[in-house]
Amino acid sequence: MRRGVLISMMMIVIAVATLRAIGPDAKELAQRGYSIFKEVIAGDEAKLADAIRYMEEAQKADETYVPNLFNLARAYFFERITFNKEDSIAKAEKAFARVVELDPTRMDALSFHGAILAAMSGGTDRAMFMRGAQELKTAMEREPNDLGVRIVTGFVSMSVPTEVLPMIGNPDMLGNLKTIGNVLDSFSSDFAPHASVVMNGFIGEAYMKRGDQEKAAESFARALKVPKPEDPGQRAGRDLLDVAITARMNGGEKPIFAQPLFSGCHSCHLAAPDKLLN
């Protein structure tokens, strides 16, 4: 009888091991979700739900896998700014907070979390805003050369009053944008084919904010002179960006970041403008 019990126990162990072996692999699910998310930020917005679903499944399989949590947080943030889903910003905040908890060295996640807190404060919750500002400042102080930290801080700096800039560790908004621009001018990637175009456009906006029309025009012109990509989808996206920059350079009243193409993740990655949802 004892032998029979031992055999039964062994069979249960083998069965459990088999279930684990054929169960979802967190890294595989995370990569699948991230691959789809790259298509989303390239313009195929209809696939966002699929991207989030795969990354959420990866999170269930391994809630400590930092790369997936970081990308899931970005997907939630994208969902908030693109589809205006109220609960998505809270999900993004929670996911970025978990990344920072698991890996305190991820200053890109800390800066993103700080930016989200500043946005969630809505200009009324001073304590939340100050916490977010401090996180942005900490990230900038610890990793001043991290491009992700610079970009997040740069975008926040364009949406807050000038007197607030020292609180987020970025008193020189224009200098920060130019630092990013210098890196992206020599940056080439199929993943972000318009990065240099977009950043020169934002530098132009920073000069506009200072009242320097001449420098602004030079930056907008520099953006338009960036060589166009060969890929048809990327070129179609670039054409839309060029239209917005040209309109602003020729006296358009609205800043380019007021345009939907420049207000989210699409601007640097746009390669499927025909799939953008209205």
Conditions (1) at pLDDT 95 or above; (2) in a helix (DSSP H, G or I): number failed by T64: (2)
Among (1) buried (at least 16 other Cβ atoms within 10 Å of the Cβ); (2) charged (D, E, K, R); (3) modelled with pLDDT under 95, the one test that K215 misses: (3)
Enumeration of residues in segment 63-99 that are crowded, with 20+ Cβ neighbours inside 10 Å and among the β-branched types (V, I, T): T82, V99
Identity of the residue in segment 245-265, closer than 25 Å to L48 by Cα and touching a residue at least 40 places away in the same chain (Cβ under 8 Å), that ends up surrounded by the fewest Cβ atoms within 10 Å (Cβ to Cβ): S263
Some residue of segment 101-115 being touching a Lys or Arg at 6+ places or on another chain (Cβ under 6 Å) and at pLDDT 95 or above: yes
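One line per residue, one yes/no per condition, for (1) under 23 Å from V100 (Cβ atoms); (2) in contact with a strand residue (DSSP E or B) (Cβ under 9 Å, 6 or more places away or on another chain); (3) of a type in the set (G, A, S):
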| residue | (1), (2), (3) |
| --- | --- |
| A133 | yes, no, yes |
| M140 | yes, no, no |
| V164 | yes, no, no |
| L184 | no, no, no |
| S188 | no, no, yes |
| V198 | no, no, no |
| A206 | no, no, yes |
| E214 | no, no, no |
| K228 | no, no, no |
Conditions (1) surrounded by 22 or more Cβ atoms within 10 Å (Cβ to Cβ); (2) part of a helix (DSSP H, G or I); (3) touching a residue at least 60 places away in the same chain (Cβ under 8 Å); (4) of a type outside the set (A, V, I, L, M); number of the one not met by R150: (3)
Pairs with Cβ under 6 Å, 6+ apart, first in segment 203-229 and assigned to a loop (DSSP other than H, G, I, E, B), second surrounded by fewer than 17 Cβ atoms within 10 Å (Cβ to Cβ): K228/R235; P229/R235
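Within segment 182-213, take every residue that is of a type in the set (A, V, I, L, M) and touching a Gly at 6+ places or on another chain (Cβ under 7 Å) and give me the one that is farthest from P171 (Cα to Cα).
The qualifying residue farthest from P171 (Cα to Cα) is M199.
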F187 vs. criteria at pLDDT below 90 and of a type in the set (A, V, I, L, M, F, W, C): yes
So S196, is it within 19 Å of the chain's Cα centre (by Cα), assigned to a loop (DSSP other than H, G, I, E, B) and without any contact (Cβ under 8 Å) to a residue 40 or more places away in the chain: no
Residue check, V156 over 30 Å from G204 (Cβ atoms), touching a residue at least 40 places away in the same chain (Cβ under 8 Å) and in contact with a helix residue (DSSP H, G or I) (Cβ under 6 Å, 6 or more places away or on another chain): no
Answer from M173, M128 - the residue that is free of Cβ contacts under 8 Å to residues at least 12 places away in the same chain and in contact with a Gly (Cβ under 9 Å, 6 or more places away or on another chain): M128
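The values are calculated or read from the model by the stated rules, or taken from the named source; none is laboratory data. Here the structure is a predicted model, which is why all the values come from computation and not from measurement. Note that we place each Cβ from the backbone using ideal geometry, even for glycine, and neighbour counts take in every protein chain shown.
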